[in-house]
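Trainee: The structure's right below; bear with me while I get my questions together.
The values are calculated or read from the model by the stated rules, or taken from the named source; none is laboratory data. On a predicted model such as this, the values are computed, not experimentally measured, just so you know. Neighbour counts are summed over all protein chains in view; Cβ atoms, including those assigned to glycine, are modelled from backbone coordinates with ideal geometry. Surface accessibility is based on the protein's heavy atoms, side chains included, excluding ligands, DNA and RNA. Shrake-Rupley method; radii C 1.70, N 1.55, O 1.52, S 1.80 Å.
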Amino acid sequence: MSRTALVLGAGLGGMVAAQALRRLLPRGDRVVLVEREERHVFPPSLLWLMVGGRSTEAISRPVEHATRAGIELVRGEVTAMDPAARTVRVGQQTLRGDAIVVALGAEYAPQAIPGLADAGLCIYTLAGATAIRGALERFESGRLTVLTAAPAYKCPAAPYEAALLIEDFLRKRGRRDMVTMDFYAAEPGPMMVAGPTVSAGVRAMVEAQGIGYHPEHQVKSINPGARRIDFANGASADFDLLLYVPPHRAPAAVADAGLTNESGWVPVDRHTLATKYPGVFAVGDITVIPLKMGRPLPKAGVFAHGQAEVVAHNIACQWTGKGDPRRFEGEGMCFIEAGSGRAGMGRGNFYAEPLPDVRLHQPSLLWHGAKVLYEKYWLFTKF
């Protein structure tokens, strides 16, 4: 009997899930990948793009290349879901799966903060990173501000990497002394979920480069004309160039389907990534997994990758009767670009209790090289 596995989203988690399923399942079973975008963009490389280290073509690939492995590609946006019936609406089609892997990621909602979209440039999108590159080329002097608009966002290291890479960019071009740099964070500190030692280490990296760090500044509104940010704590700040991480939310189709909880994200079993609906799994940024320390597991590509491998293996195990089930155990790592061809690296077990057991390796050429190698591995082996 032929079965169908539906994978929703061709980001890091979705691509890993689809390719692993295709590798593990009999050829008679279908693997259908649903994606609305024409091109897959490798998100970590957006940081290099914004400081001129990469081109758009270098960090993206046509999504249709995924079909070379025998994966069926359906282009379009998921507009509705019935997880109990395991059906998905894409354009004019209704697709049904014997298993569904929801990997639709987080959507960006800059409109949730009055004035944000008009006042600044988004660090997390291809259009935003491209615009930032042009803005930095023209920026000679003034106040440059990096802002996290909400305390929870994907890739917790990314805005701190952005600040460090931009500082390096300005210094190498002889403009650093003419630019005041500030980082306003909605969160209490960098990468808090990795523990106080890692958080303090990342903060020290930022402040060592003369970047003013202002934690617990939740933005309330922004006046684009006056170039002023007003915060919920009563403080305000002026800027000449504003770069931001926007608020995140789950796609409407997922929320409307009843998959999300009060957090706004999809709760899953922390080890199997199963949702409350049989045969429906969720991986990556769209999920919420509470940790003992009181914060959720970070939204990061390394976790999406590991979760997708576990889900694909377990679906194949159940359908074929071969192998033993696996568990996702919360192991993860992330690189932290520091400029000048160096990067730090945090690695450990985020499921450890009472606090995640994570170690921060100081910036070096080695870790930067490792990040470059992973970029090449992803773009040249997955497509």
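Trainee: Please work out which one of (1) out of contact with any His (no Cβ under 8 Å at 6 or more places or on another chain); (2) outside any strand (DSSP E or B); (3) over 20 Å from LEU164 (Cβ atoms); (4) open to solvent by less than 40 Å² (accessible area, probe 1.4 Å) is the condition LYS376 fails and give its number.
Mentor: For LYS376, the failing item is (4).
Trainee: Name every residue in the range 4-50 that is over 23 Å from ALA80 (Cα atoms), open to solvent by less than 30 Å² (accessible area, probe 1.4 Å) and assigned to a loop (DSSP other than H, G, I, E, B), in order of residue number.
Mentor: Selection gives LEU25, ASP29, PHE42.
Trainee: With respect to PHE383, determine if the residue is outside any strand (DSSP E or B) and either at pLDDT below 95 or farther than 23 Å from ALA17 by Cβ (or both).
Mentor: yes
Trainee: Could you tell me whether the range 262-272 includes any residue that is of a type in the set (Val, Ile, Thr), more than 23 Å from the chain's Cα centre (by Cα) and part of a strand (DSSP E or B)?
Mentor: No, that holds for no residue.
Trainee: While we're here: Just to be sure I understand, how many residues within the range 318-327 are in contact (Cβ under 8 Å) with a residue 40 or more places away in the chain and out of contact with any Lys or Arg (no Cβ under 7 Å at 6 or more places or on another chain)?
Mentor: Number satisfying all stated conditions: 3.
Trainee: If you don't mind, another one. Only one of these conditions is not met by GLN93: (1) under 24 Å from the mean Cα position of the chain (by Cα); (2) of a type outside the set (A, V, I, L, M, F, W, C); (3) closer than 24 Å to ILE286 by Cβ. Which number is it?
Mentor: Of the numbered conditions (1) under 24 Å from the mean Cα position of the chain (by Cα); (2) of a type outside the set (A, V, I, L, M, F, W, C); (3) closer than 24 Å to ILE286 by Cβ, the odd one out for GLN93 is (1).
Trainee: Checking the conditions here, which among ALA253, ALA237 is under 28 Å from GLY201 (Cα atoms) and either assigned to a helix (DSSP H, G or I) or among the hydrophobic types (A, V, I, L, M, F, W, C) (or both)?
Mentor: When all the criteria are applied, what remains is ALA237.
Residues are listed down the side, and each one gets a yes or a no for (1) of a type in the set (A, V, I, L, M); (2) in contact with an Asp or Glu (Cβ under 8 Å, 6 or more places away or on another chain); (3) under 18 Å from PRO251 (Cβ atoms):
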{"residue": "VAL31", "(1), (2), (3)": "yes, yes, no"}
{"residue": "GLU37", "(1), (2), (3)": "no, no, yes"}
{"residue": "PHE42", "(1), (2), (3)": "no, yes, no"}
{"residue": "LEU46", "(1), (2), (3)": "yes, no, no"}
{"residue": "VAL63", "(1), (2), (3)": "yes, yes, yes"}
{"residue": "GLU72", "(1), (2), (3)": "no, no, no"}
{"residue": "ARG75", "(1), (2), (3)": "no, yes, yes"}
{"residue": "THR79", "(1), (2), (3)": "no, no, yes"}
{"residue": "ARG96", "(1), (2), (3)": "no, no, no"}
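Trainee: For the condition out of contact with any strand residue (DSSP E or B) (no Cβ under 7 Å at 6 or more places or on another chain), at pLDDT 95 or above and within 20 Å of TRP378 (Cα to Cα), what is the one hit in GLY70, GLY105, GLY52, GLY134?
Mentor: From the options GLY70, GLY105, GLY52, GLY134, the qualifying one is GLY105.
Trainee: Out of (1) out of contact with any Leu (no Cβ under 8 Å at 6 or more places or on another chain); (2) assigned to a loop (DSSP other than H, G, I, E, B), what's the single condition that is false for GLN111?
Mentor: It is condition (2) that GLN111 fails.
Trainee: Starting from the range 11-26, keep only residues that are among the β-branched types (Val, Ile, Thr), then list their pairs with residues that are in a helix (DSSP H, G or I) and surrounded by fewer than 24 Cβ atoms within 10 Å (Cβ to Cβ) whose Cβ atoms are within a distance under 9 Å, requiring at least 6 positions of separation or different chains.
Mentor: VAL16/HIS305; VAL16/GLY306; VAL16/GLU309
Trainee: Looking for whichever is of a type outside the set (S, T, N, Q), open to solvent by 60 Å² or more (accessible area, probe 1.4 Å) and touching a residue at least 40 places away in the same chain (Cβ under 8 Å) here; the options are ARG203, ARG227. Which one fits?
Mentor: Of the residues listed, the single one that is of a type outside the set (S, T, N, Q), open to solvent by 60 Å² or more (accessible area, probe 1.4 Å) and touching a residue at least 40 places away in the same chain (Cβ under 8 Å) is ARG227.
Trainee: Among what's in the range 132-161 and is of a type in the set (Ser, Thr, Tyr) and touching a helix residue (DSSP H, G or I) at 6+ places or on another chain (Cβ under 9 Å), pick the residue that is farthest from GLY105 (Cα to Cα).
Mentor: Here the residue is SER141.
Trainee: Let me ask another. Could you give me the residue pairs with C-beta distances under 9 Å whose first residue belongs to the range 177-188 and is over 17 Å from GLY234 (Cα atoms), whose second residue is basic (Lys, Arg) and assigned to a strand (DSSP E or B) wherever it lies, and which are 6+ apart or on separate chains?
Mentor: VAL179/ARG143; THR180/ARG143; MET181/ARG143; ASP182/ARG143
Trainee: Going through the range 300-345 one residue at a time, which ones are in a strand (DSSP E or B) and over 16 Å from the mean Cα position of the chain (by Cα)?
Mentor: Selection gives GLU331, ALA338, GLY339, ARG342, ALA343, GLY344, MET345.
Trainee: If a residue has to be small (Gly, Ala, Ser) and within 22 Å of ALA158 (Cβ to Cβ) to count, how many in the range 283-320 make the cut?
Mentor: Total meeting the criteria: 6.
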